[in-house]
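Here's the structure, in structure tokens; my notes come after.
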There are 2 protein chains.
Amino acid sequence: MIQNKYYEIYLRLKQKITEGIYKKAELLPSENTLAKEYDVSRETIRKALDYLSQDGLIQKKQGKGSIVLDAQLFNFPISGLTSFKELADAQQMDAQTILLSNQRVTVDGQLQKKVPWSLGSDLILTERIRKIDEQKVIFDTDYLDPKITGDIPKERLEDSLYDYLENDLQLPIAFANKEISVESVTDKDRANLDLRDEDNHLVVIRSAVYLEDARNFQFSESRHRVDRFRFIDFSRRKHTLSEHDGFR
Amino acid sequence: MIQNKYYEIYLRLKQKITEGIYKKAELLPSENTLAKEYDVSRETIRKALDYLSQDGLIQKKQGKGSIVLDAQLFNFPISGLTSFKELADAQQMDAQTILLSNQRVTVDGQLQKKVPWSLGSDLILTERIRKIDEQKVIFDTDYLDPKITGDIPKERLEDSLYDYLENDLQLPIAFANKEISVESVTDKDRANLDLRDEDNHLVVIRSAVYLEDARNFQFSESRHRVDRFRFIDFSRRKHTLSEHDGFR
DNA sequence: CAGTGGTCTAGACCACAGT
DNA sequence: CTGTGGTCTAGACCACTGG
């Protein structure tokens, strides 16, 4: 099934890099060469290369070319917007999910601290515990907007919520704001997770998730035992170019 | 000073969004309208909009338009590649730096666990403590390649290392790999930081930093007291589109 | 100098949303 | 149907790298 040209070319180049056909620290063929090779315009090649660059797979240098980077990243794509199930699959972890609750609740003053939705509105609350290597190390709480998602079948929560939302409901999940911090262990954490005596903190990831039309349909809180948490990221330096430049 | 058209347009649109001229949840003018307004081609407008999209300021929707997002993000640009000084300035924090050491060392077996540079090579080791609100809460260790940076003047380490590297040395810092994890407090941490009794973990950020020509010139380790750590991120969902598609 | 990537254009056609 | 954003093209000129 043919997608966009630039996306196909992106995938093919990516594959050639991971297979070592294009070697680390060497240069890719020039944009003009690639344009001829794939029989597309140079702009289309450039779009594919932009994707590779955003992935941290190449570094472009004017006058020189595109250097293939030595990235261990794609082994561990934790950055971005990825579900637990996808991560577990990608990492081939021994992972299980225990569904604690899945119910409708009404937003009251208490809840509104966690979910900035209007008072009195209906929402779905689910609580899940994630077991990795037979240890309960992650506590996930999700708040969903039932006007968008409807009720969630129990079986799908035990498998993959995102798979249900995207494939069954065809909801186009687009972006999220995330916050990572460290918080003190609560009694509820201690009751539900396998914590060690020295664990008095958890890593907490809170996120607000949005659809393509920018509607916010989910909030989630994910509490991780500190020794099982790792976040890997590739980032490019933003050269602010002095905000003072430019017309105004 | 005029830069690129697309970058200027990006800045102007960004400004109009932050000033509320383009309001949250409303649509930007269409790409064709903007192209006429700025007297550029549509592709140039699209490039500016791509930047806004990557910043999490707008969400594009085919057939509809570009929705202005309600992003608190730019208040807190922790994601990306940002130096402590830049952060402190942006946040208007009461911050100080204490320089502990700044010396040349030779890579031995011990060091090589932290820095994957070849045995016997020379490097610069600097240790700095960051005080925020009069409390010593961050311990930074930096390993630099003296073949690239030379020795670092003491005064610049107490101010901003990145400012020195980029402006004085004109080194083009391009990208970094980062890892965030949580580790146990060591005796050295306890000796140098203002830790509370209940602090038995620290957030540790390790990063490898690269220049535009993809040379790795720096490794750094930044150890944060857990209550002073926060990471905010905007991420877009990557629609994998099944890796199995496409020609091969 | 020749070759590289960076920017920009004018125009084309397509896919999608809303009327 | 009209207008929106998404893709793609062929060609131009510029800025940078390296011999």
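Roughly how many Å² is the accessible area per residue of region A:5-74, as a whole number, for a 1.4 Å probe?
Each residue of region A:5-74 exposes 55 Å² on average to a 1.4 Å probe.
Per residue of region B:134-146, what does 6.51 cos²θ - 1.76 cosθ + 1.60 with θ = phi - 60° give for ³J(HN,Hα)? Whole Hz please, x for Gly and Pro, Karplus curve as stated.
Coupling constants for region B:134-146: 6, 10, 7, 10, 10, 10, 10, 10, 10, 10, 10, 8, x Hz.
Just the number, please: buried accessible area between B and A, total of both chains, 1.4 angstrom probe, nearest 100 square angstrom.
Summing both sides, the interface buries roughly 5600 Å².
Between A:GLN15 and B:GLU134, how high is the FRET efficiency from 1/(1 + (r/R0)^6) when r is the Cβ-Cβ distance and R₀ = 45 Å? Nearest 0.05.
Approximately 0.25, to the nearest 0.05.
When the Cα centres of region B:1-65 and region A:33-47 are compared, how far apart do they sit, in Å?
Taking the Cα centre of region A:33-47 as reference, the centre of region B:1-65 is 27 Å away.
Using the structure shown, select from A:LYS147/B:LYS238; B:LYS24/B:LYS238; A:LYS114/B:LYS47; A:LYS64/B:LYS238; A:LYS36/B:LYS14; B:LYS47/B:LYS238 the pairs with a Cα to Cα distance greater than 27 angstrom.
A:LYS114/B:LYS47; A:LYS64/B:LYS238; A:LYS36/B:LYS14
Mind checking which chain A residue has its Cβ closest to the axis relating A to B, and how many whole Å off it is?
A:HIS201, 3
If you filter region B:163-237 for GluC sites (Glu not before Pro), then keep DSSP loop positions with at most 14 other Cβ within 10 Å, what is left? Intermediate values should be presented prior to the final figure.
Values: sites: B:GLU166, B:GLU179, B:GLU183, B:GLU198, B:GLU212, B:GLU221; in loops: B:GLU198, B:GLU212.
Passing both the DSSP loop test and the Cβ count: B:GLU198.
Send over the Kirkwood Rh of region A:134-199, from the inverse of the averaged 1/r over different Cα pairs, rounded to one decimal Å.
14.7 Å
At 222 nm, what helix-only mean residue ellipticity would chain B give, in deg cm²/dmol to the nearest 500, using -39500 (n - 2.57) for each DSSP H run of four or more?
Calculated from helices alone, the mean residue ellipticity at 222 nm is -6500 deg cm²/dmol.
Along Cα-to-Cβ, 7 Å out, sits the label point; list in nm, shortest first, how far the one on A:GLU155 is from those in the other copies.
7.2
Carbon and sulfur: what percent of region A:99-245's accessible surface (1.4 Å probe)?
46 percent
Quick one: Debye curve from the alpha-carbon atoms of region B:5-74 only, equal weights, vacuum; give me log10 I(q)/I(0) at q = 0.17, 0.25 Å⁻¹ to two decimals.
Log10 of I(q)/I(0), two decimals: -0.53, -1.20.
Note every residue of region A:140-177 with a reduction of at least 20 square angstrom in accessible area, all protein chains present versus the isolated chain, computed with a 1.4 Å probe, or write none.
Buried-area filter returns A:GLU166, A:ILE173, A:ALA174, A:PHE175, A:ALA176, A:ASN177.
Taking Cα centroids, how far is region B:133-171 from region B:191-217 in Å?
14 Å
Return the FRET efficiency for the residue pair A:GLN170, A:SER30: r is the Cβ-Cβ distance, R0 is 35 Å, and the value is rounded to the nearest 0.05.
For A:GLN170 and A:SER30, the calculated efficiency is 0.30.
In nanometres, what is the gap between the two model label sites at B:SER41 and A:GLN3, each 7 Å from Cα along Cα-to-Cβ?
With each label point 7 Å from Cα toward Cβ, the separation is 2.6 nm.
The values are calculated or read from the model by the stated rules, or taken from the named source; none is laboratory data. Quick caveat: nothing in here was measured; it's all calculated off a predicted structure. So basically every Cβ, Gly included, is an ideal-geometry build from the backbone, and we count neighbours across all protein chains shown. Surface areas here come from the heavy atoms of the whole protein model, side chains and all, with no ligands, DNA or RNA. Shrake-Rupley method; radii C 1.70, N 1.55, O 1.52, S 1.80 Å.
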